[in-house]
């Protein structure tokens, strides 16, 4: 064969296998309101940056007449590209080829690109759109999943792993996203569950749609399995690029420094907070008043909203923020908010992102449902993650810091490097009402006017203990600061913390209360 | 962004806080103590066979019901000696976790 013909042959072969599952299947994909795997890669990555590998991989399945079937690229597109000029590894399952089903070679394409990402310290993005295991391949298909899960775990804390659910992702398959750092879902497109509506109907006789069982809203509002909700695939890709701008490419490098931008409006942050500690405000307003360009990239916005987590920049450097949200459930800690914060703290620690904790909470949520759901075990996760973290840890107590909540929210006692309190802070073993009712119980009961005595005792306790000065007198906090100085203080101490080293006893790993 | 609206109240340590309440909080299940005389189902399934009869004396460890669940025939056995007072399900019934199957006196 002449050189010219060889090259021609190559182009013909390539043209054939890049047609996905054929026009009919592609039309079907569009009819479902979904892009194809190739569209998605093109839209997400920098223009012309995608380099594809393993295009000519073929499956080895011989059972059930499978040997006669040609599955282009074996139903998954893999390769490397860039986002904002920085390298990423990517795979995108192709639903138009055998429903994106996962066979052994399909899985091996994924694990190859994963190995590459780990070796080269490059973030991994996985676009999931698959009917699940390729049943005809039997146990080999299960082997494929297992090999992916193993690498997800090995890569955890080494390179960022992002899962994008753009179609069904069910059964065993959904455990890969669950092992990754951030899961993105799109309204009416993403479907995640372990057992689907069919099985539930057979076993329980209960009918439920895929959307109500494991759609995008369910995963971002009820379960917390997913972190970002988008209305369209394009919005989802914007969110991914935005996230990538905040995080480093691997655990050995720092996140990019960006140009410093002052908070947008000179918000008088002390004006946001109501004087009365029982009145709510939106913690995100405070965050926007403190951090660069008033930008706050919130994570898991619609789940366990009583705590807010996310990234922001301080003087151009990425910081992770954990803040109680007085607006929702008074900002209490509970099972879900503890899970949410704990995992984020560990993420920041793994990737050397300093932690800023903003405190205003009355304590843990009381309730039989909370106790029975294991609030002890879940609540302990937050203590564990803060204590374990060795990144710079700065805490600002805005208002209430009562009891167990005070300890949990990155107190000095859990290793905070700096703890500041506003003059509005109330650092005490519990709120004045509760404390007075216990301490002065008999005095109140025996008084000729119990209500008046109670009121006076609450006031007395409040004046004595509901302030930052008792904690300051004991050195539990480093400084009482004017709210308007918060940004300056944070910038100053984070600059001081640049070379922080904190050693821990050598161990294989700890045993967090998972 | 959540606005400061739909405020309700929540009590923590005798203090009434103004705040929004979440769907999960509002829909939390009220605790109902279990009746120690009743045998409850622990797994969703189908009642395959009811072995015990009302009025029958039974011994601890004796088979009461066979439940088909998770591709297995599961024996529901008596936790103690007693007498079957009432059976609440019939063969072929689909039962969910927490369903009372029968009562022992």
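Just so you know, all these numbers are worked out from the coordinates, no wet-lab data involved. These numbers were taken from a predicted model, which means no experiment stands behind them. Please note: Cβ atoms are built from the backbone with ideal geometry, for glycine as well, and neighbour counts cover all protein chains shown.
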Discussion item. Averaged across B:21-29, how many Cβ atoms of other chains sit within 10 Å of each residue's Cβ atom?
Written reply: 5
Worksheet item: Using the 10 angstrom Cβ neighbour count as an exposure proxy, how do A:384, B:31, A:351 rank, fewest first?
Response: B:31, A:384, A:351
Response to the item:
Distance in Å, no decimals, from the C-alpha centre of the stretch A:332-381 to the one of the stretch A:166-237 is 24 Å
Discussion item. Using alpha carbons only, how many angstrom separate the centre of the stretch A:73-141 from the centre of the stretch A:433-490?
Written reply: 57 Å
Worksheet entry | Cα gyration tensor shape for chain B, rounded if a/c is under 1.5, else prolate or oblate | prolate
Item to complete: Between residue A:413 and residue A:69, with labels modelled 7 Å along Cα→Cβ, what's the label distance in nm to one decimal, could you check?
Response: 6.1 nm
Worksheet item: How high is the FRET efficiency between residue A:62 and residue A:142 when r is their beta carbon distance and R₀ equals 22 Å, given to the nearest 0.05?
Response: 0.80
Discussion item. Can you give me the angle between helix A:139-155 and the longest principal axis of chain A, using Cα atoms only, in degrees from 0 to 90, rounded to the nearest 10?
Written reply: 40 degrees
Worksheet entry | For the stretch A:167-212, average projected area of the Cα convex hull in nm² | 3.4 nm²
Worksheet entry | Label-point separation in nm, residue B:80 to residue A:234, each point 7 Å along Cα→Cβ | 6.8 nm
Worksheet, complete the sentence: If the label point sits 7 Å along Cα→Cβ of residue B:72, residues of the stretch A:192-219 with amide N under 18 Å come out as A:203-204
Item to complete: Set the Förster radius R0 to 22 Å, insert the Cβ-Cβ distance between residue A:372 and residue B:11 as r into 1/(1 + (r/R0)^6), and round the FRET efficiency to 0.05.
Response: 0.65
Worksheet item: What is the gain in length, in nm to one decimal, between residue A:463 and residue A:390 on full extension, counting 0.36 nm per residue of separation less the C-alpha to C-alpha distance?
Response: 22.7 nm
Discussion item. Please state the shape class of the stretch A:393-435: rounded when a/c is under 1.5, otherwise prolate if a/b exceeds b/c and oblate if not, all from the C-alpha gyration tensor.
Written reply: oblate
Practice prompt. Average the reciprocal distances over every distinct pair of alpha-carbons in chain A, invert the result, and give the Kirkwood radius in Å.
Written response: 25.2 Å
Worksheet entry | Per-pair calculated FRET efficiency, R0 = 45 Å: residue A:53 and residue A:198 via Cβ, rounded to 0.05 | 0.80
Worksheet item: Each label point is 7 Å from the Cα along the Cα-to-Cβ direction; what then is the distance between the points at residue A:350 and residue A:380, in nm?
Response: 2.2 nm
Worksheet, complete the sentence: Mean-square fluctuation maximum in Gaussian network of chain B, Cα pairs under 10 Å, restricted to B:27, B:68, B:18, hits B:18
Worksheet item: Once you average over the residues of A:362-369, how many Cβ atoms of partner chains fall within 10 Å of each Cβ?
Response: 4
Item to complete: Sum -39500 (n - 2.57) across every DSSP H segment of at least 4 residues in chain A, then divide by the residue count to get the 222 nm mean residue ellipticity, nearest 500.
Response: -11000 deg cm²/dmol
Worksheet, complete the sentence: Residue separation between residue A:485 and residue A:506 times 0.36 nm, minus their alpha-carbon distance, gives in nm 3.7 nm
Worksheet item: Which residue, B:21, B:34, B:67, tops the fluctuation ranking in a GNM of chain B built on C-alpha contacts under 10 Å?
Response: B:21
Worksheet entry | Pairwise centroid distance, computed over Cα atoms, of the stretch A:254-308 with the stretch A:2-36, Å | 48 Å
Item to complete: Have a look at the DSSP beta bridges in the protein assembly as shown and tell me what percent are antiparallel, nearest 5.
Response: 55 percent
Practice prompt. Can you tell me how much longer the chain between residue A:496 and residue A:443 gets when fully stretched, taken as 0.36 nm per residue apart minus their C-alpha distance, in nm with one decimal?
Written response: 14.1 nm
Practice prompt. Mind checking A:276-289 for the average number of partner chain beta-carbons within 10 Å of each residue's beta-carbon?
Written response: 2
Worksheet entry | Order of B:88, A:95, A:311, A:237 - criterion: other Cβ atoms within 10 Å of each residue's Cβ, fewest first | B:88, A:237, A:311, A:95
Worksheet item: So how do A:376, A:127, A:269 line up by other beta-carbon neighbours within 10 Å, fewest first?
Response: A:376, A:269, A:127
Discussion item. Compute the angle between helix A:335-350 and the longest alpha-carbon principal axis of chain A, please, reported from 0 to 90 degrees and rounded to the nearest 10.
Written reply: 70 degrees
